[in-house]
Every structure is written in C-alpha cells, then in structure tokens.
1. So who's got an amide H within less than 5 Å of the one on H62, skipping anything under 5 residues away but keeping other chains? H placed 1.01 Å off N, in plane.
2. What FRET efficiency comes out for V116 versus W89 if R0 is 22 angstrom and r is the Cβ-Cβ distance? Round to the nearest 0.05.
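Quick note: the coordinates plus some simple rules give every number you see, no bench work behind them. As the structure is a prediction and not an experimental result, all values here were calculated from the model. Glycine also receives a Cβ, built like all others from the backbone with ideal geometry; neighbour counts cover every protein chain displayed.
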Amino acid sequence: MRHPERRAPVTDAEGAHLDDEVVRALHEEHGAALMGLALRLTGDRQRAEEVVQDAFVRAWQHPEALDGTRGSPRAYLLATVRNLVIDRWRRDAVRPATTGEDALALVGVLGQADRVLDAMVVRDAVRRLSFEHRQILQHAFVLDEAVDETARVLGIPPGTVKSRTYYALRALRAALEELGYLQ
C-alpha cells in the first residue's frame with residue numbers, strides 16, 4: 001500500500017493549519033458512512049479501507065473542500081469515495097487481474113452508487129429549502145398533484161402554486177449548486 005507524502009503545512013481557506021484532529025473528527029463523524037459505501041462498491045473490506053483512507057487523505061490535502069459554506073463535508077467525502085472506487089475500477093480494467101462475472105457485477109454496483117449519492121445530495125439540498133418550498137415540491141413532484149389539486153389541498157390560489165413551484169425549483173437549483181452538484 002502506498003502512502004502519499006505529507007505536503008508542507010496544509011491550510012484551510014483562512015490559512016489556518018488543518019491538523020490531524022480535524023481529520024480524526026471527520027473520520028469519527030463520517031467514517032462509518034464512507035466505509036459502508038466503499039464496502040458496497042468494492043465488495044472487499046481491505047479495498048474499502050484503502051479507499052476510505054485515501055478519501056481522508058484527499059480531504060486533508062484539500063481543506064477548502066471542507067469549508068462549511070460550500071456544503072456538507074459528507075457529500076464531498078462520499079463523492080470522493082465513489083470517484084476513488086471508479087478510478088480503481090478503471091485502472092484495474094486496463095490491467096485486469098481476474099475476469100468473469102465479478103467484474104460485471106461491479107458495473108451494476110457503481111450505477112447503484114450513483115443513484116444513492118444523487119439521492120443523498122438532493123435530500124441535503126431539499127433540507128436547505130423553506131417549509132413552503134419543500135411543501136410545494138412534495139405536492140407537485142412526489143405526490144404528482146395537478147396545480148388545481150395542490151391549490152385546493154393547501155388552500156392557496158392556483159397562481160400562488162405556480163409561482164411558489166417556480167421559486168422552489170430555483171431555490172433547489174441554487175442549493176444544488178452550493179453543494180457543488182451542479183455547475
């Protein structure tokens with residue numbers, strides 16, 4: 001197993017030293033979720049541990065990604081785990097150690113991981129919306145109600161349903177951009 005060289009002092013966005021305690025706290029808070037995802041994606045405990053370790057090394061090397069104003073550190077770490085697994089899978093595909101159904105099964109798991117990660121990021125973005133925006137999106141998209149039905153259920157005019165839906169979608173897009181999900 002290779003160990004990356006420690007760079008000269010790593011700093012956060014304000015220039016403060018990012019110490020090992022911060023990384024330990026991140027590991028304590030998010031390590032189990034990262035390990036669960038890595039284990040699901042790799043199917044191998046040793047590889048999963050290596051991926052999680054590499055994800056924390058990347059976080060340590062890029063402290064600006066952990067800035068709370070840029071979104072959840074968990075979303076960044078989960079995306080990093082996913083990307084590391086994909087990178088390793090691609091690397092191994094060029095030099096396959098084994099062939100067979102195991103390699104094909106990983107392709108399906110990676111697609112499933114994308115959906116899980118997408119759902120987690122969208123859930124985090126929706127939590128940032130106001131109650132009214134969450135409510136209108138639930139009626140319009142989760143419950144698949146027509147404008148008139150939503151207006152009747154919520155006791156608001158249809159025009160308000162339309163405008164609130166428009167602004168809720170704009171707020172959702174802004175939240176997704178803030179989380180780094182949209183460019």
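1. Placed amide hydrogens put nothing under 5 Å from H62.
2. 0.85
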